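Beneath this line is the structure, given in structure tokens, with notes to follow.
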Amino acid sequence: MNEHLNDSSSSVLIFPEFETPINDRAVSGEVSNNLTLPSSSYGDGSDPWKNLEGRRIVNMRHIFNSIQLINHKGFECSFRDLEFLKEGRKGFISTFYFACKICGTKVTIDSEKDDNDININMAIVSSIVNIGQGYSQLEELTATLNMPNMSNRMYQETHTNIFNHFNDIAWKEM
Ligand SMILES: [Zn+2]
């Protein structure tokens, strides 16, 4: 019964309690003020590009804006001076971590703005529910698309949050 989200799918969803800013998450192994930043000094020492394989869903406008805004005071640094360190993922939301090889400044670029009313995780779960499918179909879909999937736990939590939200709206409209 809680699968029927179709009727209210045009409503704007806002879940402030659900959207934890991705930048708040702990970043392990970061080094600041270090002008030489070998990849091996981050994370588990493996090649950071390896974990970046496959596809992602990103907001291109946000990515391009983020790249164009890179401006390190006193230096002429640009995106080409950044070394990719690692990717942090919260479901389908990615944060890409870089360090500037010239001045050592750390830069993060998110796959989308974190003030989206409906972030990609909510959009994915809503889509899957709206077409009458579940987590195992999402697994199949992401595997075929060569895209990292969200965990089953996050899927269920997101599903519950969306359902509660529509439930609240339904009660208020009665
Ligand atoms: Zn720089």
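Values for this structure:
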read-out: Ranked LEU145, LEU85, LEU138, criterion: other C-beta atoms within 10 Å, fewest first; value: LEU145, LEU138, LEU85
read-out: Gap separating the Cα centres of region 100-174 and region 72-94, nearest whole Å; value: 23 Å
read-out: Counted charge near ILE63, where neighbours are those whose Cβ lies closer than 9 Å (Asp, Glu -1; Lys, Arg +1); value: -1
read-out: Trypsin sites (Lys or Arg not before Pro) lying in DSSP loop within region 71-174, provided at most 12 other Cβ fall within 10 Å; value: LYS73, LYS113
read-out: Net length gained if the chain between ILE169 and CYS103 were fully extended (0.36 nm per residue, minus Cα distance); value: 18.7 nm
read-out: Under 17 Å from LYS113, Cα to Cα: lysines that are on another chain or at least 8 residues apart; value: LYS90
read-out: Exposure proxy ranking, count of Cβ atoms within 10 Å, fewest first, for ASP110, ASP168; value: ASP168, ASP110
read-out: Dipole magnitude (debye, nearest 20) for region 50-124, charges at Cβ of Lys, Arg, Asp, Glu; value: 220 debye
read-out: Chain lengthening between ILE67 and SER127 when straightened (0.36 nm per residue, less Cα-Cα); value: 18.6 nm
read-out: Under the Karplus curve 6.51 cos²θ - 1.76 cosθ + 1.60, θ = phi - 60°, whole-Hz ³J(HN,Hα) for region 77-84, x wherever Gly or Pro sits; value: 6, 9, 4, 5, 8, 8, 9, 6
read-out: Size of charge dipole - region 40-174 - debye, nearest 20, with Cβ of Lys, Arg +1 and Asp, Glu -1, no other charges; value: 300 debye
read-out: FRET efficiency for LEU141 and PHE84, using Cβ-Cβ distance with R0 set to 35 Å, rounded to 0.05; value: 0.85
read-out: Ranked list, fewest to most other Cβ atoms within 10 Å of each Cβ, for LEU69, LEU52, LEU82; value: LEU69, LEU52, LEU82
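Every number in this text was worked out from the coordinates using simple rules, so none of it is lab data. Here the structure is a predicted model, which means the values were calculated and not measured. Because the Cβ atoms are built from the backbone with ideal geometry, glycine has one as well, and the counts that use them run over all protein chains shown.
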